[in-house]
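Step one of this worksheet: look at the structure below.
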Amino acid sequence: MNFDIDRLLRRNIRNLKPYSSARDEFSGEAAVFLDANENPYNSPWNRYPDPHQRILKEKVCEIKHVPTEKIFLGNGSDEPIDLLFRAFCEPAKDNVVSINPTYGMYRVAADTNNIAVNQVALTSDFELDAGSVLAAVTAETKIIFLCSPNNPTGNTLDNCGILQIISNFNGLVVVDEAYIDFCPEKSLLPDLDKYPNLVILQTFSKAWGMAGLRLGMAFANEKIIEVLSRIKYPYNLNILTQQKGLELLAGEQLKNEWVKIILKEREKMIRNLLLYPFVIKVYPSDANFVLVQVYDPRGIYNYLVDEKIIVRDRSSIALCEGCLRISIGSPEENATLMEAFDQLI
């Protein structure tokens, strides 16, 4: 495959001269900063954050074993998703391909950018049909989105099928690995150098417990990362997110302990759920949630709301009819859910 990023780029993006902030022109130590029209008082919050997040990227490099030039840090994973549309998809002309059901922000970002989405249904067991995905590609298809483990289904997509798609599509393939920490399959990060059209999304919201910080990651070859960095807002990650993120990333062992607890609780919840007569099926999960098919999903959802327990009603989603999505909470939270379910018997 002869992958050419310039062929994929929108012409206006290819010719774009990026905004140059004061912190782009100077980095390092200084005694007096008079370059960015900042208030001299209220240090350190008066200073603009590093637009390139250099220190934070070095830590991510250490954890993920990916060079910093192949790392983009964004305001959640939603930022790089949106930037990929803005960089590579011509509004009202190009399209993308995604599986169905999957994470809803791909569709929202596409609609916001006026890009058509060709959806390809998963099998009845939520498996990937690589041939059908490739068959949905047209001359105007710029990106294929694959979420693995998938949301809301919870299962990991077949890696052989994913690699088949990457190898046979001359556009970008975005593999969203938001839940990879809970999954027995390995990340595709080691394959970045093999596939110049591969973009991998990960997040610190799930296993690392940083959802409130809004810190997402995109990994790709240097040319793709350079494009995303060129068109992002200059200070897309605030100083608080960068500092707190760096602090929390020092606790990788604690993160691993959390994952162990969540995995143990996930298996316990699956066993318990199968005991209830209103549960039809619990789908296999490689994520920090389970998808549960039940009788009367809306009635059960409303009952739980009355009990001050919130789950997600996914019964209106394709192939998820009758399903609730339940996140794995702490042992105490999960026990509270089971106690509420006991009252329904």
Selection from region 100-126 of residues that are touching a helix residue (DSSP H, G or I) at 6+ places or on another chain (Cβ under 7 Å) and within 18 Å of ASN155 (Cβ to Cβ): TYR106, VAL120
Single residue of region 207-226 satisfying the filter (over 17 Å from ALA178 (Cα atoms) and under 19 Å from the mean Cα position of the chain (by Cα)) that is surrounded by the fewest Cβ atoms within 10 Å (Cβ to Cβ): ASN221
Test: residue in region 18-40 that is at pLDDT 95 or above and part of a helix (DSSP H, G or I): no
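Regarding ASP296, is this residue without any contact (Cβ under 8 Å) to a residue 40 or more places away in the chain and either of a type in the set (D, E, K, R) or in contact with a helix residue (DSSP H, G or I) (Cβ under 8 Å, 6 or more places away or on another chain) (or both)?
On the way: without any contact (Cβ under 8 Å) to a residue 40 or more places away in the chain: yes; either of a type in the set (D, E, K, R) or in contact with a helix residue (DSSP H, G or I) (Cβ under 8 Å, 6 or more places away or on another chain) (or both): yes.
When the stated conditions are applied, ASP296 passes them.
Between LYS264, LYS268, LYS244, LYS223, which is part of a helix (DSSP H, G or I), outside the structural domain of VAL292 (by TED's automatic domain parsing) and farther than 26 Å from VAL175 by Cβ? Break it down into steps so the answer makes sense when it comes.
Details: LYS264 fails: outside the structural domain of VAL292 (by TED's automatic domain parsing); LYS268 fails: outside the structural domain of VAL292 (by TED's automatic domain parsing); LYS223 fails: farther than 26 Å from VAL175 by Cβ.
Answer to the selection: LYS244.
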Every residue from region 147-174 that is touching a Lys or Arg at 6+ places or on another chain (Cβ under 6 Å) and either within 19 Å of LYS206 (Cα to Cα) or not in a loop (DSSP other than H, G, I, E, B) (or both): PRO152
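Tell me yes or no: at least one residue of region 304-315 is surrounded by 16 or more Cβ atoms within 10 Å (Cβ to Cβ), touching a residue at least 12 places away in the same chain (Cβ under 8 Å), under 16 Å from PHE182 (Cα atoms) and in contact with a Cys (Cβ under 7 Å, 6 or more places away or on another chain). Please lay out each step first, then the result.
Just the residues of region 304-315 that are surrounded by 16 or more Cβ atoms within 10 Å (Cβ to Cβ), to begin with: 304, 309, 311, 313-315.
Keeping just the survivors that are touching a residue at least 12 places away in the same chain (Cβ under 8 Å) gives 304, 309, 311, 313-315.
Adding the requirement that they be under 16 Å from PHE182 (Cα atoms) leaves none.
No; the residues of region 304-315 include none that is surrounded by 16 or more Cβ atoms within 10 Å (Cβ to Cβ), touching a residue at least 12 places away in the same chain (Cβ under 8 Å), under 16 Å from PHE182 (Cα atoms) and in contact with a Cys (Cβ under 7 Å, 6 or more places away or on another chain).
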Options THR203, THR156, THR138: the member that is free of Cβ contacts under 8 Å to residues at least 60 places away in the same chain and of a type outside the set (Gly, Ala, Ser): THR138
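The values are calculated or read from the model by the stated rules, or taken from the named source; none is laboratory data. Bear in mind that the values here come from a model prediction, so they are computed numbers and not experimental data. Cβ atoms come from the backbone with ideal geometry, glycine included; neighbour counts cover every protein chain shown.
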